[in-house]
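The values are calculated or read from the model by the stated rules, or taken from the named source; none is laboratory data. All values derive from a computational prediction rather than experimental measurement. Here the Cβ is made from the backbone with ideal geometry for all residues, glycine too, and neighbour counts use every protein chain on show. These accessible areas exclude ligands, DNA and RNA; they are computed on the full protein's heavy atoms, side chains included. Shrake-Rupley method; radii C 1.70, N 1.55, O 1.52, S 1.80 Å.
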Amino acid sequence: QAHLVQSGGGLVQPGESLRLSCAASGFTFNSHVINWYRQAPGKEREFVARIISTSGSTNYADSVKGRFTISRDRDNAKNTVYLQMNSLKPEDTAVYYCNAKSLWGTYTDYWGQGTQVTVSS
């Protein structure tokens, strides 16, 4: 059964870095938009970044622009999307979710299990 598997995350101090991974299982990122969202306690889920698998085009939320980078594995063999998070701030603390939606054909919408990122001194 197709699904997304997330890894990475953890506890870091302000200014440090983390990398999150989102691996597709049972399908390939050949025609999808892959998004990262996050949800902090007591807040709505918010968009963080996205990448279009066909073009490599990326978009970011203003709050993470210049600090976070979304990318896909270079040779596409690992079928994985990454979120490199640098210069982390306490306000980046949240549960992060990856999401993959199909661009065309049969509509599919997959979500990862979520991973906790905590930025605290």
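In table form, for the structure just shown:
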| read-out | value |
| --- | --- |
| In sequence order, calculated HN-Hα J values of region 81-92 (Karplus, 6.51, -1.76, 1.60; Hz; x Gly/Pro) | 10, 10, 10, 8, 10, 10, 6, 5, 10, x, 6, 7 |
| Å² of accessible area per residue within the chain, as computed with a 1.4 Å probe and no ligands counted | 53 Å² |
| Amide hydrogen neighbours beyond the local backbone of G9, cut-off 5 Å, H modeled | R19 |
| Whole-percent carbon and sulfur share, accessible surface of the chain, 1.4 Å | 47 percent |
| Amide H within-cut-off set for T54, under 5 Å, with H built and near neighbours excluded | H32 |
| Rounded to the nearest 20 debye, dipole of the chain from Cβ charges on Lys, Arg, Asp, Glu | 120 debye |
| Most mobile listed residue (R50, R67, R38) in the chain, GNM with C-alpha springs under 10 Å | R67 |
| Cα-based Lys proximity count in the chain, under 22 Å, for pairs eight or more positions apart or on separate chains | 4 |
| Under-5 Å amide H pairs with L88, H placed in peptide plane, nonlocal only | G15, E16 |
